[in-house]
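Heads up: the structure comes next, in structure tokens.
Please treat every number below as a calculation from the coordinates, not as lab data. What you see is a predicted model, and the numbers here were worked out from it, not measured in a lab. Note: ideal-geometry Cβ built from the backbone for every residue, glycine included; neighbour counts use all protein chains shown.
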Amino acid sequence: MIYKREEFFEENEQDQKFPVKQVEQITSLDGSVKKFIGRVSLGLQTPMGVQSIPVTFEIEATGVQEAFGKFNARAEAEVEAAKRELQSELNELRRRSQNRIVTPGDLPPPDLGNLGGGMGKLKL
């Protein structure tokens, strides 16, 4: 089936959680199928700065106005699910790094400039 896509935005500076809402209306060319997709971005603080993570979700609605009316409830649920999934992935990465077996190839090369091995002040 072939679909067309229309994008709609709502700005509301008083809305602390979602000041900008984006809803896409996806409609089949014959008009028999109509879907609404909501989009928000999570800001994740990393050592390299803030990274944006997109969160996309379907909204059960019959029209654009209804989709915007249901946006906050659906977005909150999906953002919380995305946060849980991200935290789970981070915990798994931490667990893997803690349980990693260090092999001689993983160790840094020895300091060849100090042949005394760092065991005293004698240098050859």
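Just a few scattered comments:
- Stokes-Einstein diffusion coefficient of the range 3-97, Kirkwood radius over Cα pairs, 4 °C, 1.567 mPa s, in µm²/s: 87 µm²/s
- Fewest-first ordering of Val23, Val55 by other beta carbons within 10 Å of each residue's beta carbon gives Val55, Val23.
- Ordering Thr46, Thr56, Thr27 by the number of other Cβ atoms within 10 Å of each residue's own Cβ, fewest first, gives Thr46, Thr56, Thr27.
- Cβ crowding within 10 Å ranks Leu42, Leu29 as Leu29, Leu42, fewest other Cβ atoms first.
- Charge dipole of the range 1-109 (Cα centre as origin; +1 on each Lys and Arg Cβ, -1 on each Asp and Glu Cβ, all else neutral): 460 debye, rounded to the nearest 20.
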